[in-house]
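For reference, the structure is listed below as structure tokens.
The values are calculated or read from the model by the stated rules, or taken from the named source; none is laboratory data. Keep in mind the model is a prediction, meaning the values are calculated, not measured. Cβ placement follows ideal geometry from the backbone for every residue including glycine, while neighbour counts extend to all protein chains displayed.
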Amino acid sequence: MLQTAAVSRALVLGAILSLAACAGEDPRVVRAAKARQEVEAVAQQVRTAPHAPSTGRWDAAQLTQRLVNAGLAPRADDSLPSHPKLPVAPLGLRVGKAHLLAWIFADSTARLKTSAGIDTLTAIPKGQPNPWAEPPMFVVHNNLIAVLVGGSDRQRERVRLAIEAGLQAPRR
């Protein structure tokens, strides 16, 4: 008899817990679903956007497309972390939990004038204080300076490879 009562209580408790679990969704599941929707929206924008002929120079659309094609999920992000002052304003993207700051110059000569004075280990111009909360990853390609702050080693590698692979050569 005692055993039957214990089994009955366990079944009732299990039913109550099941109903409670069904009544409200886990906030982590809701956040993850929302993040997936945002990522898919960005990927869809990149896929359906008209593709301008390649000029051999980076622009915001090409950078976003390259990151999406690399399996990353960049999202525009106006909440830029502290960053060094450079002659052009940075483009801010989120890649997972990491911040990607991209300075896109008119050409590689303008970028070279700026990047020549930047310490590649700290990603800051000589003489400026270190603004980064975490060690940055510094990537330079053609007319682009990119700094990734935070993120996993795998994300860092994928961002670096996506940028260093370069752009499609312009048609002649």
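Out of all the residues in segment 27-35, is one or more under 17 Å from Ala146 (Cβ atoms), within 15 Å of the chain's Cα centre (by Cα) and either at pLDDT below 85 or assigned by TED's automatic domain parsing to the domain that holds Arg156 (or both)?
Our first condition is that a residue be under 17 Å from Ala146 (Cβ atoms); within segment 27-35, this holds for none.
For segment 27-35, residues under 17 Å from Ala146 (Cβ atoms), within 15 Å of the chain's Cα centre (by Cα) and either at pLDDT below 85 or assigned by TED's automatic domain parsing to the domain that holds Arg156 (or both): absent.
For Ala20, the conditions (1) surrounded by 10 or more Cβ atoms within 10 Å (Cβ to Cβ); (2) at pLDDT below 90; (3) assigned to a helix (DSSP H, G or I) all hold with the exception of (1). Picking from residues in segment 76-112 that are surrounded by 11 or more Cβ atoms within 10 Å (Cβ to Cβ) and among the basic types (Lys, Arg), the one that is modelled with the lowest pLDDT is Arg94.
Of all residue pairs spaced 6 or more apart or on separate chains, those with beta-carbon atoms under 6 Å, a first member in segment 144-163 that is among the charged types (D, E, K, R) and surrounded by fewer than 23 Cβ atoms within 10 Å (Cβ to Cβ) and a second member that is in a strand (DSSP E or B) and modelled with pLDDT of 95 or more are Arg156/Met137; Arg156/Leu148; Arg160/Val139.
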